[in-house]
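The values are calculated or read from the model by the stated rules, or taken from the named source; none is laboratory data. Remember, it's a predicted structure, so these values are computed and weren't measured experimentally. All Cβ positions, glycine included, derive from the backbone under ideal geometry; neighbour counts span all protein chains shown.
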Amino acid sequence: VSARLTSMDLPKWTVGALCAQVDPELFFPERGGTAPEIVRDALRVCAACEIRARCAEEALANHERFGVWGGMSERTRRRKLRETAAASVVAAGPTAAVVLGGEAA
Ligand code: SF4
């Protein structure tokens, strides 16, 4: 939260964000930013953050691509978004699978 927004445009839900109290580099490492060992410290901060659930919800809804948000690495968010998309196709039925390039069973 802290590295991308200034204090002037922080949404209200970010009040209490623990990442605002630590080095932003933890959350947005320049190299190897998706490796678990690189983001481990950021994930520990998130684990203690009182707004983690809301942060995770916002990050997924906004398709945040970079950094650690809501206790999730970039890899974890990509996986969750893929799972959600796949679940939507299944829920929509075979017609949606055909439209999206899949096979109708
Ligand atoms: S959950 Fe993590 S990224 Fe989100 S506000 Fe809290 S410390 Fe920051």
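Quick look at the values:
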quantity	calculated
Contacts under 9 angstrom Cβ, first residue in region 1-19 being under 13 Å from residue 70 (Cα atoms) and assigned to a helix (DSSP H, G or I), partner more than 10 Å from the ligand (Cβ to nearest atom) and at pLDDT below 90, 6 or more apart	14/5
Failed item, numbered, when residue 50 is tested on (1) surrounded by fewer than 18 Cβ atoms within 10 Å (Cβ to Cβ); (2) more than 19 Å from residue 9 (Cβ to Cβ); (3) within 12 Å of the ligand (Cβ to nearest atom); (4) modelled with pLDDT under 95	(4)
Residue match in region 69-80 (condition: small (Gly, Ala, Ser) and within 18 Å of residue 20 (Cβ to Cβ))	yes
Residues of region 69-92 classified as part of a loop (DSSP other than H, G, I, E, B) and either of a type in the set (D, E, K, R) or more than 17 Å from residue 15 (Cα to Cα) (or both), total	1
